[in-house]
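Participant: Okay, handing you the structure first.
Coordinate-derived values only; no laboratory data. In this text the structure is predicted, and so the values were computed from the model without any measurement. Positions of Cβ are backbone-derived with ideal geometry, glycine not excepted, and every protein chain shown enters the neighbour counts.
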Amino acid sequence: MNLKIYLVLALFIMTSLYAQEKKTEKPRFNPELAASLGADEYGMKAYTIVMLKTGSTKIDDKEKLSQLMEGHLANIGKLSEEGKIILAGPFLEQNKQTFRGMFIFNTKSKEEAEKWVKTDPAVQAGVFGYEIFPWYGSAALPLYLKHHEEITKENP
């Protein structure tokens, strides 16, 4: 009886160790995925970050501001669906740089990013200004978007 318990326990420990080893194995390089994402040899690529900041126009009319923000969010959705925006979101705290939010655009061209950010109604109205920066990050970053809808109960 004790021998059976020890055998079952040994089998359990060996299975646990094997599972642990499998978890820590490095995923294999996938050249097709890397190429489809535009990855370099480090799995990285160039993007452009646009930092939205408080603009020069202050709008006191709450209905007008609400319409601009609805347009702002709709524009983000459109650019995201087109594969131009990889990441977008507001900052949760005020900061001395007056940054309000940021976009990561799927382009290394500052000119192209500026063209895309200028399609934002809140930018056009001057509610938001912006600064543009080149950025180097994981080429896999766009993959998170396909899973975002799976975890979102409602959209703003």
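Participant: Any idea how far apart Tyr42 and Asp60 come out in nm if each label point goes 7 Å out from Cα toward Cβ?
Facilitator: 5.1 nm
Participant: Listed here are the pairs Lys96/Lys153; Lys58/Lys153; Lys58/Lys78; Lys64/Lys115; which of them are more than 27 Å apart at the Cα?
Facilitator: Lys96/Lys153; Lys58/Lys153
Participant: How about the range 55-115: which trypsin sites (Lys or Arg not before Pro) there lie in a loop by DSSP and see at most 12 other Cβ atoms within 10 Å?
Facilitator: Answer by residue number: Lys58, Lys96.
Participant: Okay, moving on. Roughly how many Å is it from the Cα centre of the range 89-156 to that of the range 29-87, as a whole number?
Facilitator: 4 Å
Participant: Rounding to the nearest 20 debye, state how big the charge dipole of the range 86-132 is about its Cα centre with +1 on each Lys and Arg Cβ and -1 on each Asp and Glu Cβ.
Facilitator: Magnitude of the dipole: close to 40 debye.
Participant: A further question on this structure: Determine the dipole magnitude for the range 35-151: charges of +1 sit on the beta-carbon of Lys and Arg, -1 on that of Asp and Glu, nothing else is charged, the reference point is the Cα centre, and the result goes in debye to the nearest 20.
Facilitator: Its charge dipole is roughly 280 debye.
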